[in-house]
Amino acid sequence: MAHPMHLHGHDFEVTEIDGKIVNGAVRDTLLVPPNSTIKAIFDADNPGVWAFHCHILYHAAVGMFTVLKYEGADTQFWQPEKTLTEVKPRK
(Lines give C-alpha, C1' and ligand atoms only; values in the text may rest on other atoms or scores of the structure.)
Protein backbone atom coordinates (compact mmCIF):
# COMPACT_ATOMS: atom_id res chain seq x y z
CA MET A 1 0.00 0.00 0.00
CA ALA A 2 1.26 3.49 -0.79
CA HIS A 3 1.55 6.04 2.02
CA PRO A 4 1.03 9.80 1.55
CA MET A 5 3.58 11.10 4.08
CA HIS A 6 3.18 14.70 5.26
CA LEU A 7 5.72 16.91 7.04
CA HIS A 8 4.39 19.98 8.83
CA GLY A 9 6.29 23.28 8.80
CA HIS A 10 8.66 22.46 5.95
CA ASP A 11 8.82 21.88 2.23
CA PHE A 12 11.14 19.23 0.86
CA GLU A 13 12.38 17.92 -2.46
CA VAL A 14 12.50 14.23 -3.34
CA THR A 15 16.01 13.40 -4.57
CA GLU A 16 15.93 9.62 -4.86
CA ILE A 17 13.36 6.82 -5.20
CA ASP A 18 14.63 3.27 -4.63
CA GLY A 19 18.19 4.34 -5.45
CA LYS A 20 17.25 6.18 -8.65
CA ILE A 21 18.14 9.88 -8.61
CA VAL A 22 15.21 12.15 -9.47
CA ASN A 23 14.56 15.88 -9.63
CA GLY A 24 11.40 16.07 -7.59
CA ALA A 25 9.07 18.98 -7.08
CA VAL A 26 9.14 20.89 -3.80
CA ARG A 27 6.22 19.82 -1.62
CA ASP A 28 5.12 19.02 1.94
CA THR A 29 3.54 15.64 1.18
CA LEU A 30 4.92 12.73 -0.83
CA LEU A 31 3.45 9.43 -1.89
CA VAL A 32 5.70 6.55 -0.84
CA PRO A 33 5.01 3.56 -3.11
CA PRO A 34 4.74 0.07 -1.55
CA ASN A 35 8.07 -1.44 -0.46
CA SER A 36 9.98 1.67 -1.52
CA THR A 37 12.56 4.00 -0.06
CA ILE A 38 12.49 7.72 -0.76
CA LYS A 39 15.21 10.23 0.05
CA ALA A 40 14.36 13.90 0.38
CA ILE A 41 16.17 17.10 1.33
CA PHE A 42 14.90 20.22 3.06
CA ASP A 43 16.16 23.38 4.72
CA ALA A 44 16.02 22.94 8.49
CA ASP A 45 15.11 26.58 9.04
CA ASN A 46 11.83 26.48 10.97
CA PRO A 47 12.62 25.54 14.60
CA GLY A 48 9.99 23.78 16.65
CA VAL A 49 8.35 20.39 17.03
CA TRP A 50 6.75 19.35 13.74
CA ALA A 51 4.49 16.41 12.94
CA PHE A 52 5.48 13.87 10.28
CA HIS A 53 2.73 11.35 9.55
CA CYS A 54 0.82 9.27 7.05
CA HIS A 55 -2.21 11.12 5.70
CA ILE A 56 -4.29 7.95 5.82
CA LEU A 57 -5.90 8.76 9.14
CA TYR A 58 -6.22 5.24 10.49
CA HIS A 59 -2.50 4.71 9.80
CA ALA A 60 -1.58 7.83 11.79
CA ALA A 61 -3.96 6.77 14.56
CA VAL A 62 -2.21 3.43 15.03
CA GLY A 63 1.31 4.82 15.09
CA MET A 64 2.45 5.96 11.65
CA PHE A 65 3.20 9.32 13.22
CA THR A 66 6.39 10.86 14.55
CA VAL A 67 7.86 14.30 15.07
CA LEU A 68 10.77 16.30 13.78
CA LYS A 69 12.10 18.09 16.87
CA TYR A 70 14.75 20.78 16.70
CA GLU A 71 17.31 20.82 19.48
CA GLY A 72 16.36 23.57 21.91
CA ALA A 73 12.82 23.85 20.50
CA ASP A 74 10.01 25.23 22.66
CA THR A 75 8.26 22.10 23.90
CA GLN A 76 5.58 23.79 26.00
CA PHE A 77 2.75 21.99 24.16
CA TRP A 78 4.62 18.77 23.28
CA GLN A 79 3.61 15.81 25.45
CA PRO A 80 5.60 12.78 24.26
CA GLU A 81 4.67 10.81 27.38
CA LYS A 82 1.13 10.39 26.00
CA THR A 83 1.28 7.25 23.88
CA LEU A 84 -1.24 5.22 21.95
CA THR A 85 -1.44 2.74 24.83
CA GLU A 86 -2.81 5.52 27.05
CA VAL A 87 -5.66 6.31 24.67
CA LYS A 88 -8.92 4.71 25.75
CA PRO A 89 -10.65 2.61 23.06
CA ARG A 90 -13.91 3.89 21.63
CA LYS A 91 -17.08 2.02 22.50
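The values are calculated or read from the model by the stated rules, or taken from the named source; none is laboratory data. The shown structure was predicted, so the numbers you read here are calculated from the model rather than taken from an experiment. Cβ placement follows ideal geometry from the backbone for every residue including glycine, while neighbour counts extend to all protein chains displayed. Side chains included, ligands, DNA and RNA excluded: accessible areas come from the protein's heavy atoms. Shrake-Rupley method; radii C 1.70, N 1.55, O 1.52, S 1.80 Å.
Number of residues in the stretch 42-68 that are open to solvent by 60 Å² or more (accessible area, probe 1.4 Å) and either part of a loop (DSSP other than H, G, I, E, B) or modelled with pLDDT of 95 or more (or both) equals 8. Taking the criterion of being farther than 23 Å from residue 61 by Cα and either assigned to a strand (DSSP E or B) or touching a residue at least 60 places away in the same chain (Cβ under 8 Å) (or both), the residues of the stretch 2-16 that qualify are 12, 13, 14, 15, 16.
Across the stretch 17-30, the qualifying residues are those that are in a strand (DSSP E or B) and under 19 Å from residue 68 (Cβ atoms), and the one among them that is least open to solvent (accessible area, probe 1.4 Å) is 30.
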